[in-house]
Amino acid sequence: MSSFRVSSKTRTSGINCISTLTKSWANLENRIKEIEKYKTVKAIFINVDLADLGNREKDSKRRAEDEASAASLATAANNGKTDYPSNLSWKHIERIRACTNIPIALKGIQRGEDVVLAAEKGISGVVLSNHGGRQLDFSRPPLEVLSEAKQMLKERGLDNKIEIYIDGGIRRGSDIVKALCLGATGVGLGRPFLYAMAGYGEEGVLKLVSLLEGEVKNNMKLLGVDNIKDLNEELIDTTTLKFRGSMVNDRLYDGVYEQLNFPSFKNEVGSIN
Ligand SMILES: Cc1cc2nc3c(=O)[nH]c(=O)nc-3n(C[C@H](O)[C@H](O)[C@H](O)COP(=O)(O)O)c2cc1C
């Protein structure tokens, strides 16, 4: 992700994300003061999609199947519980906003209306995310929410008041280009980096970055665009973005082209179902 456009002093090549705040609201101001002491902290990210943990059936299945690893899996998956306050509301967000100048970003926003509210309340950024499909079943794709949110912000003259990032399902350079065309400042990737790291370590992560970079550059050339700032919504057809009817089959892709085989991992680390 790129840095927030806050001031030149805060520019950095990365953002330190703080995803957990104390459950005890009484202690909030002190906790934020502690965070402010760390000069490397450039933004506070607050999850707004963790009032409860999603029904992660694969985690439960593994826990039930594998008694031996049950303890560690239970910790990793938090045993079906979340430490987040279930009553998080705009009042809490306003309180956090009021007690610090560190830019605040909300992760897990799922509606255009909430992006508008965030902009009105002086929130610096939002990450439109359905938590990689791990929280609410059937939640909307972030790209769809992005298109809606941008439109709503424009109608209210709030377009430049807030940065919008998206994550979830970004797999190729073309996904990044689509998001940038629709007005995202940047995108996040979860599983692609986890898989690259798990399969190939640092080398895999570097390869992933270079593949994505190559694809973005290639797509931009094919669109006739030299600069990222020139990517815009006129380059993208959104007419079927909300269409959830039956998929149109692509015979060439599905039936004629040879399927790509997965490359073998360097070191066999055990099978993952
Ligand atoms: C194994 C795993 C663990 C995750 N843990 C967290 C987490 O602790 N906090 C959080 O905000 N998001 C978490 N996420 C969600 C990611 O931040 C991100 O929203 C999601 O992975 C993006 O979707 P993608 O995997 O399709 O790229 C997790 C995702 C995965 C796959």
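The values are calculated or read from the model by the stated rules, or taken from the named source; none is laboratory data. Treat the numbers as computed from the prediction; the structure is a model and nothing was measured. Virtual Cβ from ideal backbone geometry, glycine too; neighbours counted across all protein chains shown.
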### Message
Between a residue in the range 26-38 that is exposed (fewer than 12 other Cβ atoms within 10 Å of the Cβ) and any residue that is modelled with pLDDT under 85, which pairs come within a Cβ distance under 8 Å, given they are 6 or more apart or on different chains?
### Response
Y38/N16
### Query
Which pairs do you get when a residue that is within 22 Å of T40 (Cα to Cα), found in the range 89-109, comes within reach of a residue that is assigned to a helix (DSSP H, G or I), reach meaning Cβ atoms under 6 angstrom, with the pair 6+ apart or on two chains?
C99/E29; C99/I32; T100/I32; I104/R97; L106/A118
### Criterion (closer than 21 Å to S147 by Cα, of a type in the set (K, R) and not in a loop (DSSP other than H, G, I, E, B)) met by exactly one of K229, K217
K229
### Query
In the list A149, A184, A179, which residue meets the criterion of being part of a loop (DSSP other than H, G, I, E, B), under 22 Å from T239 (Cβ atoms) and at pLDDT 95 or above?
A184
### Set I166, I170: member being in contact with a strand residue (DSSP E or B) (Cβ under 7 Å, 6 or more places away or on another chain) and either of a type in the set (D, E) or assigned to a loop (DSSP other than H, G, I, E, B) (or both)
I170
### Query
Does the range 176-190 contain any residue that is away from the ligand (no atom under 14 Å from the Cβ) and at positive phi?
yes
### Query
Of L241, L206, which residue is under 20 Å from G133 (Cβ atoms) and surrounded by 12 or more Cβ atoms within 10 Å (Cβ to Cβ)?
L241
### Message
Tell me the residue from L158, L231, L206 that is farther than 21 Å from K107 by Cβ and in contact with a helix residue (DSSP H, G or I) (Cβ under 6 Å, 6 or more places away or on another chain), please.
### Response
L231
#### Entry: Residue tally, condition over 21 Å from V145 (Cα atoms) and touching a helix residue (DSSP H, G or I) at 6+ places or on another chain (Cβ under 8 Å), over the range 174-194
2
